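Below you'll find the structure I mean.
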């Protein structure tokens with residue numbers, strides 16, 4: 001509940017949301033591009049939790065006019081941004097803020113998204129805070145909610161997204177390059193911050209092996 005309460009602090013919520021995007025696009029993106037130029041053989045695997053998911057998505061997309069970073073994989077673990085972040089025409093003529101990451105194939109390998117109905121911070125507090133902040137339904141926070149979070153529902157209205165489950169260690173994945181995988185973790189991730197678990201590590205390493 002502490003994580004959910006922090007989301008409902010609107011001052012903190014807006015600061016973290018804006019800071020994550022700014023640090024990703026203006027801070028991390030240039031550093032990753034420098035690393036690519038100096039050591040092109042180095043593989044880049046970006047993993048972001050909560051607002052860190054927004055940060056790594058922003059770092060991948062960058063600012064307009066910047067060269068693409070093209071990380072090898074991106075994993076969003078209970079990410080705190082809109083479930084329409086990668087959407088195509090979630091409203092007539094409107095794509096998700098990070099749509100180009102998918103449509104322009106900005107990753108070399110797969111994009112993984114864990115989502116869980118047990119994540120109360122992204123499932124309930126995030127959509128409520130988003131409403132109160134005035135940003136862009138049925139039940140609060142579910143897949144039909146305009147303000148739902150990607151860490152609750154996975155990528156919605158995203159044609160490239162493939163439904164799957166977060167597997168137990170030892171169970172193989174069949175990840176493919178440049179695909180988006182919604183990994184249902186309802187029975188594994190039991191809270192917003194309960195993500196340092198073997199199943200998440202197994203998914204990240206499996207994507208890195210593609």
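The values are calculated or read from the model by the stated rules, or taken from the named source; none is laboratory data. Remember, predicted model here, so these are calculated numbers, not experimental data. Here the Cβ positions follow ideal geometry from the backbone for every residue, glycine too, while neighbour counts run over all protein chains shown.
How many of the residues making up region 149-186 are touching a helix residue (DSSP H, G or I) at 6+ places or on another chain (Cβ under 9 Å) and closer than 23 Å to residue 126 by Cα?
Of the residues in that region, 15 qualify.
Then there's this: Going by the conditions given, is residue 19 in a helix (DSSP H, G or I) and surrounded by fewer than 17 Cβ atoms within 10 Å (Cβ to Cβ)? Step through it out loud before you land on a result.
Details: in a helix (DSSP H, G or I): yes; surrounded by fewer than 17 Cβ atoms within 10 Å (Cβ to Cβ): yes.
So residue 19 passes the test.
Right, something else. Here are 203, 155, 163, 207: which of them is at pLDDT 95 or above and part of a strand (DSSP E or B)? Spell out how you get there, then give the answer.
Working: 203 fails: part of a strand (DSSP E or B); 155 fails: part of a strand (DSSP E or B); 207 fails: part of a strand (DSSP E or B).
Just a single option satisfies the conditions, and that option is 163.
I'm told residue 94 meets every condition in (1) surrounded by fewer than 23 Cβ atoms within 10 Å (Cβ to Cβ); (2) at pLDDT 95 or above except one. Can you identify the failing condition by its number?
Looking at each condition in turn, residue 94 falls short on (2).
Same structure again: Hey, does region 74-87 have a residue that's surrounded by fewer than 19 Cβ atoms within 10 Å (Cβ to Cβ) and touching a helix residue (DSSP H, G or I) at 6+ places or on another chain (Cβ under 8 Å)?
Pass one, region 74-87, residues surrounded by fewer than 19 Cβ atoms within 10 Å (Cβ to Cβ): none.
Scanning region 74-87 turns up no residue that is surrounded by fewer than 19 Cβ atoms within 10 Å (Cβ to Cβ) and touching a helix residue (DSSP H, G or I) at 6+ places or on another chain (Cβ under 8 Å).
Return the only residue of 80, 20, 59, 68 being touching a strand residue (DSSP E or B) at 6+ places or on another chain (Cβ under 9 Å), under 24 Å from residue 206 (Cα atoms) and modelled with pLDDT under 95.
On the way: 20 fails: under 24 Å from residue 206 (Cα atoms); 59 fails: modelled with pLDDT under 95; 68 fails: touching a strand residue (DSSP E or B) at 6+ places or on another chain (Cβ under 9 Å).
Selected residue: 80, the only one of 80, 20, 59, 68 that is touching a strand residue (DSSP E or B) at 6+ places or on another chain (Cβ under 9 Å), under 24 Å from residue 206 (Cα atoms) and modelled with pLDDT under 95.
Here is a list: 200, 188, 180, 195. Which entry is surrounded by 18 or more Cβ atoms within 10 Å (Cβ to Cβ), farther than 15 Å from residue 75 by Cα and touching a strand residue (DSSP E or B) at 6+ places or on another chain (Cβ under 9 Å)?
Working: 200 fails: farther than 15 Å from residue 75 by Cα; 180 fails: farther than 15 Å from residue 75 by Cα; 195 fails: farther than 15 Å from residue 75 by Cα.
188 is the lone residue from the list that is surrounded by 18 or more Cβ atoms within 10 Å (Cβ to Cβ), farther than 15 Å from residue 75 by Cα and touching a strand residue (DSSP E or B) at 6+ places or on another chain (Cβ under 9 Å).
Does region 100-116 hold any residues that are out of contact with any helix residue (DSSP H, G or I) (no Cβ under 6 Å at 6 or more places or on another chain) and farther than 18 Å from residue 47 by Cα, and which are they?
Matches in region 100-116: 103, 104.
Does region 59-73 hold any residues that are under 16 Å from the mean Cα position of the chain (by Cα) and surrounded by fewer than 19 Cβ atoms within 10 Å (Cβ to Cβ), and which are they? I'd like the intermediate steps shown before the answer.
Within region 59-73, the first condition is being under 16 Å from the mean Cα position of the chain (by Cα), and the residues that meet it are 59-62, 70-73.
Residues satisfying the conditions are 70, 72.
Let me ask something additional. Test residue 107 against the stated conditions and say whether it is part of a strand (DSSP E or B), within 22 Å of residue 205 (Cβ to Cβ) and modelled with pLDDT of 85 or more.
Working: part of a strand (DSSP E or B): no; within 22 Å of residue 205 (Cβ to Cβ): yes; modelled with pLDDT of 85 or more: yes.
Answer is no for this residue.
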